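What follows is a set of notes on a single structure, which appears directly below.
The numbers here are math on the coordinates, done by the rules we state, and not lab data. Remember, it's a predicted structure, so these values are computed and weren't measured experimentally. Cβ placement follows ideal geometry from the backbone for every residue including glycine, while neighbour counts extend to all protein chains displayed.
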Amino acid sequence: MLDTVPPVSSALDDISVSIRDLELAFGSVKVLKDLNIDIHKGEFLVLLGASGCGKSTLLNCIAGLLEPTGGQIFIEGQNVTWAEPSERGIGMVFQSYALYPQMSVKSNLSFGLKNAKLPKDQIEKRVARAAEILHLGPLLDRKPGALSGGQRQRVAIGRALVRDVDVFLFDEPLSNLDAKLRAELRVELKRLHQSLANTMIYVTHDQVEAMTLADRIAIMKGGVIQQLAAPLEIYNTPANLYVAGFIGAPPMNFIQGALRGTDFEGIINVPMQGYGFSAAPKDGAVVFGIRPEHVLVNDAAASCAVQTRVVVDVVEPMGADTLLWCTLGGDEFRIRLDGQTPIRQGDTITVGIDPARASLFDKETEIRL
Amino acid sequence: MADLSVNTPATRLLDGPSGKRKRARFTPKRIMIYGALLLVSFYYLLPLWVMVMTSLKGMPEVRMGNIFAPPVEITFEPWVKAWAQACTGLNCDGLSRGFWNSVQITVPSVVLSIIIASVNGYALVNWRFKGSEIFFTILIFGAFIPYQVMIYPIVIILRELGLMGSVWGLVMVHTIFGMPILTLLFRNYFASLPEELFKAARVDGAGFWRIFLKVLVPMSLPIFTVAVILQLTGIWNDFLFGVIYTKPATYPMTVQLNNIVNSVQGVKEYNVNMAATLLTGIVPLTVYLISGKLFVRGIASGAVKG
Amino acid sequence: MTALPDPDRGAVRAKAAPARRPSRLLHNPMSKVAAMPMIATALVIFVGCSLWTVVHSFTDSKLLPRLNFVGFEQYERLWSSSRWITSVENIAIYGVTALVLSLVLGFLFAALLDQRIRAEGIFRTIILYPYALSFIVTGLVWQWVLNPDFGIQNVVRDLGFASFSFDPLNNPDTVMIALLMAGLWQGTGLVTVIMLAGLRGVDEDIWKATRVDGIPAWKTYLFVVVPILRPVFVTATVLIATGIVKLYDLVVALTNGGPGSATQMPALYVYDAMFAKQNLAQGFAASTIMLLAVLVLLIPWSIHEFGGKKRG
Ligand SMILES: Nc1ncnc2c1ncn2[C@@H]1O[C@H](COP(=O)(O)OP(=O)(O)O)[C@@H](O)[C@H]1O
Ligand SMILES: [Mg+2]
């Protein structure tokens, strides 16, 4: 099936996976809407979004496990929209590992290859290589039931690895593991990507995983991509109100108000000359956003042009840093400080805001100004 | 990143396949699957069809025609005859006698066995005492003992109690042999309820019966329904116990049916036989069709041990 | 679940002398009353009656049970009875065939129903409804369908195949086919439902993984799904096997052991010995053998099921 389709255009030269006008509906419910992404060769792309936003659905479309109702998918220059999963040159790792429970680790790795009638020595070589990369050597004769969660996940990755493919797909591979193991395997995955240089598409709802692993993150909501950019770009200049609220913990503080000229007017007034407007500013209702960690307090706030005073309701010392929960104009206002702060509950503090680090969104369209 | 557009309005589609793959509505594989299922269904429905058709024909037509063919002339005479006139031995008052016997056997057996087993399951989960699990294990293993091993000693017990041949003797037997599966059913169900519920009730000062009646029973309606379905069909369909522990006057419907159809005397009236067979099958069939998923749950609970 | 601390006991202890524990018998009294029927059934019926029968199988009881022990005489007579030997052979043939066929067909039907078909509920209802019927009903219907003068044979002959012959009910060589047709008709639905529940329990991702690996569906069923469903197969096997040992009603209704002794079964032998031939001890010996057969089936299973790992 693949050989009948010639490589399409040089526009796809540098692109590993190209998703074009993709649409998917379950009956009348559109789960993916007009999606477009181009993923570079060797890129680590993370699909991030709340549960139910369509991440797995998109990944399954790329894998060929779901049939899109519209649009095209290209992998390595081939139009694979109608191709079987096994013909697409992908390997996939599932959240539940999906190992074949009654087969040894070795059989798990080689089952697909045997089925594809690969020569025996080839199979041996590939299994050995995967076992070496993933440190599976001593486990090869065990059954999945006799492995720990982390080991099972490595076998699952191994099963994708032996397929010798260009694109790896991961569907929340770490979410069944405990926090410590998750952090360890995250680093291992990153190392793996660096040494293999495959294209990886990784689905998660965990923003720490997304930020640490990704070359680029695609943030999804309701089957639509909200922003597709490098992690820091998303963090610093979120494209809309949803992204701004989704990325960062605790989330960004929002203050309702209006824009007059280049000045924000609300419970506090902020002159926004230093702000990088994406277009000439227009007067109207806006939402002002500032991250908790970008709010300056007391002495540090002294140099700020914008200052106000708030009362601290709750102090949450977390060691590395401390969270302050205050109230500003009736709304909750969160501040993140260094861990060693002397501020106590009930204190009245001066907070300062640097307009250059703030975000402004149109109240109507919720898009970044 | 400027060259990588997100959600561009203009189409980016290139040549080649796009969207849903156009497939024939029915692939050969689908046709084979449905074909196989229809064939299986045919086999399964055939006896029911034949039964209904035969029971609606007159005897001459039965002798002449094809058992699969629908009746040329529909008659309900065989049904009337099967219900009110068919003979077993010297009695010629039809299956109605067996029907009412079965009702008299089934209703108390179902009620009694479920009351006993539910209280028992509750005690096993929430009021364990030393040895309770051992007795339960014996009970479960007992479910696998062939009845043939126990039937004769039970004859003696029933005789001693003066219940041999009576409806109540058979009720007792059904209650006993329904106990393993029902106790298992209720035990597993009560064990799946949050323990805090029971603890809270105890802290509130409720005792054994109060907790059972006021707390557990009201929230266990589905499992009681499953138990009723399981027992109703099981007891109605019983033959072995009926034939051993009752006498002709108290025979349940299945025993009477077998006697009517397999009697060697007289001219065989196949249409009446099939009407009688259908009459006997109607009760469990109705239960099955009405209960649907719960019936499946009932038999699955028998299958899934532990 | 851990045993609950008993508040009553605390109360009693507070009043009584501190060192004295309340009597074991007073602990959870209501619970013991509630468990009486279970205890009585377990001890009197399951243990007591079984032992009674086993013990009396070593006597020469005829019309009435009596304790005049004769050693293994009843068993010697049993195994030299050609009717018993035939019964054992028959149940072995029927049992193995019915077991294998119902497992295979049940799994096959379940796999068919698992193909995202329309009207799955209707098909399932059709396959399962015979299970709701009495074996007597099943036996009588099939007796009619297989009736040589009016049933399938006659219908096919009327279609023009005058020499067509299919009369298993009157042919000792093929009567097992009739028994199987009826038995499987009634029982396969149960296996199908159990298997279908098992199939539905298989992780969706396993199927996706095999598609990515390019494994065809039939290979996935054979090499991945069947091994996963092993416990389901074991349960179904135990269920079917213990049912087969008890096989009685169906034979009574369909063939009554005939033609000749071609469908004689141990359960019929027991019934006849006890209630028709007034030869009680023979019946006890035969039923004891049936009990042994079940134990042989059951013990390995229960060790497998409960022996290795304790389950809460
Ligand atoms: N087979 C299906 N039929 C109908 N709706 C589905 C199906 N699979 C998923 N959905 C719906 O599609 C949406 C996206 O699901 P999914 O891609 O699994 O979300 P997630 O981002 O959590 O991975 C959800 O609202 C879900 O309910
Ligand atoms: Mg998901």
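Taking 4.7 Å between beta carbons as the limit, the unpaired Cys residues of the protein assembly as shown are A:53, A:61, A:304, A:326, C:49.
Screening chain B for whole DSSP H helices with an alpha carbon extent of at least 27 angstrom along the helix axis and a mean Kyte-Doolittle hydropathy of at least -0.5 yields B:28-55, B:96-126, B:167-192, B:270-291. Looking at segment C:71-126, the trypsin sites (Lys or Arg not before Pro) that sit in a DSSP loop and have at most 12 other Cβ atoms within 10 Å of their own Cβ are C:116, C:118.
Taking the beta-carbon count within 10 Å as an exposure proxy, list A:40, A:294, C:56 from fewest neighbours to most.
Values: A:40 15, A:294 19, C:56 23.
In increasing order of surrounding Cβ atoms, one gets A:40, A:294, C:56.
Legend: residue pairs A:55/A:117; A:221/A:282; A:143/A:190; A:55/A:180, Cα-Cα distance threshold 30 Å; pairs beyond threshold, A:55/A:117. Averaged over the residues of B:241-253, the number of partner chain Cβ atoms lying within 10 Å of the residue Cβ comes to 1. Taking Cα atoms, how many degrees apart are the long axis of helix A:179-196 and the longest axis of chain A, rounded to 10 and kept between 0 and 90? Here the helix axis deviates by roughly 60 degrees.
On alpha carbon coordinates alone, what is the Rg over Rh value for segment A:254-362, Rh being the Kirkwood radius? Spell out each step's value before the answer.
Numbers: Rg = 14.3 Å, Rh = 14.4 Å.
Ratio of gyration radius to Kirkwood radius: 0.99.
The ranking of A:61, A:326 from fewest to most other beta carbons within 10 Å of each one's beta carbon is A:326, A:61.
Segment B:90-235: Rg/Rh from Cα coordinates, Kirkwood Rh? Could you put the intermediate results ahead of the total?
Values: Rg = 17.9 Å, Rh = 17.0 Å.
Rounded to two decimals, Rg over Rh is 1.05.
Segment B:159-181 and segment B:197-237 have Cα centres separated by 24 Å. Each Cα pair of segment A:56-140 feeds into the Kirkwood radius, which the Stokes-Einstein equation turns, at 25 °C and 0.890 mPa s, into a diffusion coefficient of 166 µm²/s.
If you count, for each residue, the other Cβ atoms within 10 Å and average over each peptide, how do C:251-257, B:88-94 line up from highest to lowest?
Values: C:251-257: 23.0, B:88-94: 14.0.
Those peptides, ordered most packed to least, come out C:251-257, B:88-94.
I need the calculated FRET efficiency for the pair residue A:237 and residue B:15, taking r as the beta carbon distance and R₀ as 35 Å, to the nearest 0.05. Provide the component values of the computation, followed by the final result.
Working: r = 37 Å, r/R0 = 1.04.
The pair residue A:237/residue B:15 has a calculated efficiency of 0.45.
Using Cα atoms only, what is the angle between the long axis of helix A:149-161 and the major principal axis of chain A, expressed in degrees (0 to 90) to the nearest 10? Its long axis makes an angle of about 60 degrees.
Please pull out the direction-averaged projected area of chain A, using the convex hull of its alpha-carbon atoms, in nm² to one decimal place. Write down the numbers at each step before the final one.
Numbers: hull surface 89.5 nm².
The orientation-averaged projected area of the Cα hull of chain A comes to 22.4 nm².
Taking the average, over residues, of other Cβ atoms within 10 Å as the packing measure, peptides B:281-288, B:148-155 rank B:148-155, B:281-288 from highest down.
Please compute one quarter of the surface area of the Cα convex hull for the protein assembly as shown and express it in square nanometres. Could the numbers behind the result be given before it?
Values: hull surface 225.7 nm².
Its Cα hull, projected and averaged over all orientations, spans 56.4 nm².
The order of the peptides A:177-190, C:154-167, A:94-107 by mean Cβ neighbours within 10 Å, most packed first, is A:94-107, A:177-190, C:154-167. Restricting segment A:280-335 to trypsin sites (Lys or Arg not before Pro) that sit in a DSSP loop and have at most 16 other Cβ atoms within 10 Å of their own Cβ leaves A:282.
Between residue A:309 and residue A:69, the modelled label-to-label distance comes to 5.9 nm, taking each label 7 Å out from Cα in the direction of the beta carbon. Its Cα gyration tensor gives segment B:25-75 an equivalent ellipsoid; the semi-axes, largest first and in whole Å, are 33, 9, 8.
Among beta bridges from DSSP that stay inside segment A:12-241, the antiparallel ones total about 50%. Of all the options A:149, A:346, A:289, the one that moves most in a Gaussian network model of chain A with Cα springs shorter than 10 angstrom is A:346.
Over segment C:46-143, what per residue volume does the convex hull of the Cα atoms give, in whole Å³? The partial results should precede the final answer.
Working: hull volume 18.0 nm³, N = 98.
Once divided by residue count, the hull of segment C:46-143 is 183 Å³.
Taking Lys and Arg as +1 and Asp and Glu as -1, the other residues whose beta-carbon sits under 14 Å from that of residue A:359 total -1.
Considering only DSSP states other than H, G, I, E and B, which GluC sites (Glu not before Pro) in segment A:302-369 qualify as loop sites with at most 13 other Cβ atoms within 10 Å? Numbers along the way, then the final one.
On the way: sites: A:332, A:364, A:366; in loops: A:364, A:366.
Within segment A:302-369, the qualifying GluC sites (Glu not before Pro) (loop, at most 13 other Cβ atoms within 10 Å) are A:364.
Averaged over peptide C:150-156, the number of partner chain Cβ atoms lying within 10 Å of each residue's Cβ comes to 4. Please identify the DSSP H helices in chain C that span no less than 27 Å along the helix axis (Cα) and have a mean Kyte-Doolittle hydropathy of 0.0 or more. Within chain C the helices that satisfy the rule are C:82-113, C:175-201, C:280-302. Counting charges near residue A:66 (Lys, Arg +1; Asp, Glu -1) among other residues having Cβ under 14 Å from its Cβ returns a value of +2.
Cross-link partners for residue B:247 among the lysines, with Cα-Cα distance under 26 Å and sequence neighbours closer than 8 places in the same chain left out: B:81, B:268, C:62, C:246, C:277. Rg over Rh for segment C:81-307 works out to 1.04, using Cα positions for both radii and the Kirkwood form for Rh. The alpha carbons of chain B occupy a box of 98, 72, 32 Å along the principal axes, longest dimension given first. Take each residue of peptide B:121-133, count the partner chain Cβ atoms within 10 Å of its Cβ, and average: the result is 5.
Most exposed first by the Cβ proxy, i.e. fewest other Cβ within 10 Å, how do B:132, A:303, B:166 rank?
Starting with the residue having the fewest Cβ neighbours, the order is A:303, B:166, B:132.
Taking the Cα centroid of segment A:266-329 and of segment A:161-200, what is the distance between the two, rounded to the nearest whole Å? That distance is 37 Å.
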